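The structure under discussion appears below in the form of structure tokens.
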Amino acid sequence: MIVAVPDSQPRLPLRPELAGLEPYGAPQLDVPVRLNVNENPYPPSASVVADIASAVEAAAHGLNRYPDRDFAELRADLADYLHRESAVRLDPAQLWAANGSNEVMLHLLQAFGGPGRTALSFAPTYSMYPEYARDTSTEWVTGRRETDFSLDVDHATAMIAQVRPSVVLLASPNNPTGTALPLEVVTGVLAAAAQVPGGCVVVVDEAYAEFRRVGTPSALTLLADHPHLAVSRTMSKAFGMAGARLGYLAAGTPLVDALRVVRLPYHLSAVTQAVARAALGHATELMAQVEGLRRERDALVTWLQGRGLQVADSDANFVLFGVFDDRHSIWQGLLDRGVLIRETGPHGWLRVSVGTPEETAAFKAALVEVAGL
Ligand SMILES: *Cc1c(COP(=O)(O)O)cnc(C)c1O
């Protein structure tokens, strides 16, 4: 029911660009098989839970005090983790963290975007990017990806020369397609960005990096030579810590120092810092689990192809597949059978997250029925 506001009531001075908008978010439905937001399907193990609980208890004793604003210990732990994961040794001062990589991205646009400036990306890509741009009054422009969802360096270079963005956002592996970018593409974009008169930061969003296939590199290896590069990561996906809200970024220290200016004071609670550090202590165990999810992903790609569907190559923990004349009816049919996936990506495609073997089996059985495969 819509209640008319009497003329005498004061109006809310909502920014015109926000008028009529709904908050972003995939439906959070309570169904047996949830494969719609690329979460890690495995809850933390008993030993991870126990370590988190005691770390939070220790932090609780000091909750009368503000947390370490610069979260020095967490940054050192993140640097150690990246060294193990990607064999790139970074100084803790090159690390930044916030409440999810969503907030890291917001910090980037607060520092390097803003009114009169433009952020550029290449579609199809992560649907949150235009929201960060909108919320920081940064203009949003998209170029295109090719039909195989790769990024053509010449197209990217031409767009950068034309648009002169102050921020370029590249997701690799990309969401919703799963496509990772070869390093030559990233260095090509970095070279084009270096020519933008006012300067241009290139952000490589590696939220799914841990799931990349063997031989797929990380842009972390490019940091040493490129002060205008930032590589963002998250504990939400491979680490299975989506509920903890911890995203982070690696870059040169001048870039990180700019982010320190725009963050809210004490943005990372003592509890969040404690939880993240306890989970990082279990990186080895969690990485073994990622290995299993990668195998499950590759098997799912093969199965979908075997059923005659088009499947995008995936370096992530999800698979984009299609092409359906009426993807909504497929999505709905799966949901009716208790399997929630995501209706996203180019027309006719659907995205499914890699779940447990049981969840994948439920998805396959439902899809065979619904799509008549
Ligand atoms: C899931 C995802 C993230 C992670 O967001 P968090 O705020 O860290 O949970 C970042 N980028 C992309 C492309 C994603 O799909």
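The values are calculated or read from the model by the stated rules, or taken from the named source; none is laboratory data. Since the structure is predicted, the reported quantities are computational estimates derived from the model, not experimental observations. Because the Cβ atoms are built from the backbone with ideal geometry, glycine has one as well, and the counts that use them run over all protein chains shown. Surface accessibility is based on the protein's heavy atoms, side chains included, excluding ligands, DNA and RNA. Shrake-Rupley method; radii C 1.70, N 1.55, O 1.52, S 1.80 Å.
A few comments on the model shown:
- Counting DSSP beta bridges with both ends in the chain, the antiparallel % (nearest 5): 45 percent
- Cβ-defined net charge surrounding Glu206, 11 Å radius [Lys, Arg +1; Asp, Glu -1]: -1
- Other residues within the sphere of radius under 13 Å centred on the Cβ of Ser137, judged by their own Cβ, net out at -1 (K and R +1, D and E -1).
- Pairwise centroid distance, computed over Cα atoms, of segment 149-224 with segment 276-303, Å: 24 Å
- Summary of packing: across the peptides 18-26, 81-89, 303-311, the per-residue average of other C-beta atoms within 10 Å ranks them, highest first, as 81-89, 303-311, 18-26.
- Residue-count net charge about Ala276 - beta-carbon cut-off 11 Å; Lys, Arg +1, Asp, Glu -1: +1
- Here the accessible area of segment 47-281 is 53 percent carbon and sulfur, with a 1.4 angstrom probe and all protein chains present.
- Residue-normalised accessible area of the chain, expressed per residue, 1.4 Å probe, Å²: 46 Å²
- Over the chain: helical MRE at 222 nm, DSSP H runs n ≥ 4 each giving -39500 (n - 2.57), nearest 500: -12000 deg cm²/dmol
- For the chain, the residue among Gly114, Val153, Gly322 whose Cα projects farthest onto the positive side of the dipole built from Cβ charges is Gly114.
- Peptides ranked, highest mean first, by Cβ atoms within 10 Å: ranges 106-113, 172-179, 288-295, 329-336: 172-179, 106-113, 329-336, 288-295
- Tail weight of P(r) past 32 Å, computed on alpha-carbon pairs of segment 47-281, percent: 17 percent
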